[in-house]
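The values are calculated or read from the model by the stated rules, or taken from the named source; none is laboratory data. Just so it is clear, the model here is predicted, and its values are computed rather than measured. Here Cβ is always computed from backbone atoms with ideal geometry, including for glycine, and neighbour counts include all displayed protein chains. With ligands, DNA and RNA removed, areas are computed over all heavy atoms of the protein, side chains included. Shrake-Rupley method; radii C 1.70, N 1.55, O 1.52, S 1.80 Å.
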Amino acid sequence: MIIPPGFEQNSVVTSLGRMVYYHPSDSFWDSQVKLQPKLVFLHGFGGGSSAYEWSQVYPAFAPQYYTLAPDLIGWGRSEHPERNYTIEDYLTTIREFLELTCDEPCTVIASSLTAALVIRVAIEYPELFESLILTTPAGLSDFGQDYSASLFAQLIKLPVLDKLVYSSAIATEAGIASFLENRQFAQSNRIYSQIIEAYLESATQPNAEYAALSFVRGDLCFDLAKYMPRLTTPTAILWGKKSQFTGPEIGQRLAGLNPEYVKRFMTLDDVGLTPQLEMPGLTIGLIRQLWKQLRP
């Protein structure tokens, strides 16, 4: 995976294996940055996902804040246990990562289904969090919707066929380019070759299919609406208006379940599922603004 200049790779050991993360290099940045508040950037799920998803954003914060961007278990350079992944796997390893790397409450910036999982971690362990800035946080089964009942999810549940589909239609250059163009980005002309290369490298890691197929089958989906009222961490939400999986009307309904702690909800025009890749400059500016508004 591509590491931005000025960053190094490190790792911690979770209950499911080693989790790789990227952090500012002491030789590149002022070592005093380690004393500053920590920002943790967590990527979403999908064929080829990794910390690269935030790599155009998190370096902008390194001069002032200690930024961490892990590859979640089963993705990127982290370990890929051969297992059918569950919601509990990610609730546990996200919590463990924060406990192992952050000695004080941190701000977590996360996207899509991972962002929804972070909300659940914050509900159970609020002491780990200062604030949340989330892009398109959706459980993908929100308000009673059932993603796992879709035709594609049902096909992926068939043994043998699942890995065939992954190797021939998902973990290929054409498959990734098609997914980015049709599902992730609002404008295909914003997709450049490095993005495809980074996703392909992650998607073709040994055993990468296990986590990806667990996601595609719907094993990791849940109804976030059942949890939103219990959130007590100051939160801001960004939602691409052209998000293909879950539209902003779902996001507004979710935010409306907890107006006390969801301090801001912003819809971004002409942006899809991942504004951090599609419009990184805008995303950086919004994170700076929202974080300032959320901090005590």
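Any idea which residue in the stretch 16-30 is modelled with the lowest pLDDT, counting only those that are open to solvent by 30 Å² or more (accessible area, probe 1.4 Å) and among the hydrophobic types (A, V, I, L, M, F, W, C)? Going through the qualifying residues, I end up with W29. Scanning the stretch 16-24 turns up at least one residue that is charged (D, E, K, R), more than 20 Å from Q276 (Cα to Cα) and touching a residue at least 40 places away in the same chain (Cβ under 8 Å).
Every residue, every condition in (1) crowded, with 23+ Cβ neighbours inside 10 Å; (2) over 19 Å from the mean Cα position of the chain (by Cα); (3) of a type outside the set (K, R), yes or no:
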position	(1), (2), (3)
I237	yes, no, yes
S243	yes, no, yes
L257	no, yes, yes
E278	yes, no, yes
L282	no, no, yes
L286	no, no, yes
W291	no, no, yes
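Polar (S, T, N, Q), open to solvent by less than 50 Å² (accessible area, probe 1.4 Å) and either in a strand (DSSP E or B) or modelled with pLDDT under 95 (or both), is that true of S167? No: the conditions fail for S167. Taken over the stretch 179-197, the criterion of being of a type outside the set (D, E, K, R) and over 14 Å from S49 (Cβ atoms) is satisfied by N182, F185, A186, Q187, S188, N189, I191, Y192, S193, Q194. Of all residues in the stretch 259-276, exactly one satisfies the criterion of being within 22 Å of E181 (Cα to Cα), in contact with a Ser or Thr (Cβ under 7 Å, 6 or more places away or on another chain) and open to solvent by 10 Å² or more (accessible area, probe 1.4 Å), namely L273. What residue, among those in the stretch 203-221 that are closer than 23 Å to P275 by Cα and not in a helix (DSSP H, G or I), is least open to solvent (accessible area, probe 1.4 Å)? So the residue we want is L220. Counting only residues that are of a type outside the set (A, V, I, L, M), over 20 Å from R18 (Cα atoms) and touching a Gly at 6+ places or on another chain (Cβ under 9 Å), the stretch 98-114 holds 2 of them. Has the stretch 227-248 got any residue that is modelled with pLDDT of 95 or more, in a helix (DSSP H, G or I) and of a type in the set (D, E, K, R)? Yes, the stretch 227-248 contains a residue that is modelled with pLDDT of 95 or more, in a helix (DSSP H, G or I) and of a type in the set (D, E, K, R). Of all residues in the stretch 172-202 being over 19 Å from the mean Cα position of the chain (by Cα) and not in a helix (DSSP H, G or I), which is surrounded by the most Cβ atoms within 10 Å (Cβ to Cβ)? Selected residue: T172.
Taking the criterion of being assigned to a helix (DSSP H, G or I), within 22 Å of E201 (Cβ to Cβ) and open to solvent by less than 20 Å² (accessible area, probe 1.4 Å), the residues of the stretch 42-98 that qualify are A51, Y52, E53, W54, Y58, Y90, T93, F97.
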